[in-house]
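Q: Following this message is one structure expressed as C-alpha cells.
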Amino acid sequence: MKSKLALSLGAAILTTASAGLISATPAAAAGYEHFEQVTCWNMKYTHTSWSGICNVPFGHARAVAECANGKIPKGAWTGRGSWKFGMSCGKSRMGGMNVETKNN
C-alpha cells in the first residue's frame, strides 16, 4: 500500500451533523465507509476532525468537510492508490464530511 497523506477540505457534504454531532451510517460506525468509487476504512471521527485510509481505484479523490464557522477550504486532488485522508476544522466543529471524486 502506498502511504501518502492527503489533507483537504471542501464543499460537497455527504454526512450532516445534528446539534454538532456527526451522524454516521452503521458502516461508518464500524469504521468503514464507501464514497462512489472510493472505499475508506479505519474511519475515526471527533467533533472537529475525521481521518481514514482511502483506496482510490481510478480517477481522483479529495477529502471534503463543512465547518460550523462557515469555512469551506478545498485541498489537493489525489490520484490512484491508497491514501491516508485526514481533515480538521481547527477549533470549529465539523458539520459534515465526504470524499469528492472525479473520473479524469
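Q: When the residues of region 15-43 are narrowed to those that are modelled with pLDDT under 50 and in a loop (DSSP other than H, G, I, E, B), which ends up surrounded by the fewest Cβ atoms within 10 Å (Cβ to Cβ)?
A: By that ranking, first place goes to 19.
Q: Residue under question is residue 46, and the condition is that it be within 13 Å of the chain's Cα centre (by Cα), surrounded by fewer than 20 Cβ atoms within 10 Å (Cβ to Cβ) and of a type outside the set (D, E, K, R); does it hold? Reasoning before the result, please.
A: Working: within 13 Å of the chain's Cα centre (by Cα): yes; surrounded by fewer than 20 Cβ atoms within 10 Å (Cβ to Cβ): yes; of a type outside the set (D, E, K, R): yes.
Yes: the conditions hold for residue 46.
Q: Have a look at 84, 91 and point out the one that is at pLDDT 80 or above and in a loop (DSSP other than H, G, I, E, B).
A: Sole residue among the options that is at pLDDT 80 or above and in a loop (DSSP other than H, G, I, E, B): 91.
Q: Of the residues that sit in region 61-79 and are closer than 15 Å to residue 91 by Cα and among the aliphatic types (A, V, I, L, M), which one is modelled with the lowest pLDDT? Quick ask: steps written out before the conclusion?
A: Taking region 61-79 and keeping what is closer than 15 Å to residue 91 by Cα, we get 65-73.
Remaining after also requiring among the aliphatic types (A, V, I, L, M): 65, 68, 72.
On the way: 65: 85, 68: 94, 72: 77.
Taking the candidates together, the pick is 72.
Q: Can you name the number of the only condition in (1) at pLDDT 65 or above; (2) surrounded by 19 or more Cβ atoms within 10 Å (Cβ to Cβ); (3) touching a Gly at 6+ places or on another chain (Cβ under 7 Å) that residue 8 fails?
A: Failing condition for residue 8: (1).
Q: Moving on to the next point. Taking the residues in region 51-77 that are of a type in the set (Val, Ile, Thr) and surrounded by fewer than 22 Cβ atoms within 10 Å (Cβ to Cβ) as candidates, determine which candidate is farthest from residue 36 (Cα to Cα). Talk me through it step by step, then tell me what you get.
A: Residues of region 51-77 of a type in the set (Val, Ile, Thr): 53, 56, 64, 72.
Right, trim to surrounded by fewer than 22 Cβ atoms within 10 Å (Cβ to Cβ) and you get 53, 72.
Working: 53: 15, 72: 21 Å.
This residue is 72.
Q: Would you check which residues across region 36-87 are among the β-branched types (Val, Ile, Thr) and farther than 14 Å from residue 101 by Cα and list them?
A: If the condition is that a residue be among the β-branched types (Val, Ile, Thr) and farther than 14 Å from residue 101 by Cα, then 46, 48, 53, 72 are the ones that fit.
The values are calculated or read from the model by the stated rules, or taken from the named source; none is laboratory data. Note that the structure is a prediction, hence the values are computed from the model and not measured. So basically every Cβ, Gly included, is an ideal-geometry build from the backbone, and we count neighbours across all protein chains shown.
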